[in-house]
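Note sheet for the following structure.
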Amino acid sequence: MTTTQEQRERARMVETQIADRGVADPRVLAAMRRVPRRLFVPERLRDEAYCDHALPIGHGATISQPYVVAAMTEAAQIEAGARVLEIGAGSGYQTAVLAELGAEVYALEWVADLVAPARARLAALGYGDRVDLRRGDGGLGWPERAPFAAILAAAAAPAIPAALREQLAIGGRLVLPVGAAAQELLVIRREGARSFSTASLMPARFVPMRGVAGAADAGA
Ligand code: SAH
């Protein structure tokens, strides 16, 4: 496949799967047009890279559906230079979209084996110096780097982890799936030191969060 064909496929993905479903932020749409999602999916699935669904990336993880990445990114309101925490970096695709928007990204991934490949992809695409991606438990947040203008999680917790709320800057947004079998993607905004507002973005289906903020049966 030539680069031009791939760019066309990406443009079509953004138009039909993302813009047509109501994601309107032009910066988010432009970032999704630029990041080569193909390089973030396993080689045998590359023909499906721009399809309208999640894909398995090994270790029980999935690269999220393009629309879900776009909707979460829009809801997180990422400004250039913003400090952002990402939980469940997986393939590094969402990480790349955040870096493309100019964010300073702190990314945590539970599965050690996913970390080095994700880092290598991000470095090869030139995002390396905007991203610090490490193996860690996102349920604890990253207190040394807090406060964050935005926190995005790609793994579902049974309840909103207090550590994450506390690591938001005032005005910051936490975009997080909550629930078990039935999940809701929530957008929690820190309105003041002790006040938070919560809105539901959409029903969701993410892998369960492991570690301290996960369900007891999600595996420590
Ligand atoms: N944004 C990623 C999504 C990967 S799936 C992508 O599009 O590729 C969700 C990821 O969350 C999995 O890789 C899983 O290992 C990770 N995860 C689950 N619990 C976690 C935790 N407590 N801390 C960090 N990562 C976690």
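The values are calculated or read from the model by the stated rules, or taken from the named source; none is laboratory data. Being a predicted model, the structure only gives us computed values, none of them experimental. Positions of Cβ are backbone-derived with ideal geometry, glycine not excepted, and every protein chain shown enters the neighbour counts. The accessibility values were calculated without ligands, DNA or RNA, using every heavy atom of the protein model including side chains. Shrake-Rupley method; radii C 1.70, N 1.55, O 1.52, S 1.80 Å.
If only one of Val115, Val111, Val178 is surrounded by 19 or more Cβ atoms within 10 Å (Cβ to Cβ) and under 15 Å from Glu86 (Cβ atoms), which one is it?
Val115
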*In the stretch 201-215, which residue that is open to solvent by less than 50 Å² (accessible area, probe 1.4 Å) and closer than 10 Å to Gln183 by Cβ is nearest to the ligand (Cβ to nearest atom)?*
Phe206
*Within the stretch 116-155, how many residues are charged (D, E, K, R) and within 11 Å of the ligand (Cβ to nearest atom)?*
4
*asked:* Yes or no: the stretch 171-180 includes at least one residue that is modelled with pLDDT of 95 or more and touching a Gly at 6+ places or on another chain (Cβ under 6 Å).
replied: no
*Taking the stretch 53-72 as the search range and keeping residues that are open to solvent by less than 10 Å² (accessible area, probe 1.4 Å) and within 10 Å of the ligand (Cβ to nearest atom), which one is nearest to Pro208 (Cα to Cα)?*
Ile63
*Only one of these is under 24 Å from Arg33 (Cα atoms), in contact with a helix residue (DSSP H, G or I) (Cβ under 9 Å, 6 or more places away or on another chain) and either open to solvent by 20 Å² or more (accessible area, probe 1.4 Å) or not acidic (Asp, Glu) (or both): Ala75, Ala155, Ala89, Ala146. Name it.*
Ala89
*Hey, could you check the stretch 1-49 for residues that are among the β-branched types (Val, Ile, Thr) and within 20 Å of Thr73 (Cα to Cα) and say which is surrounded by the most Cβ atoms within 10 Å (Cβ to Cβ)?*
Val28
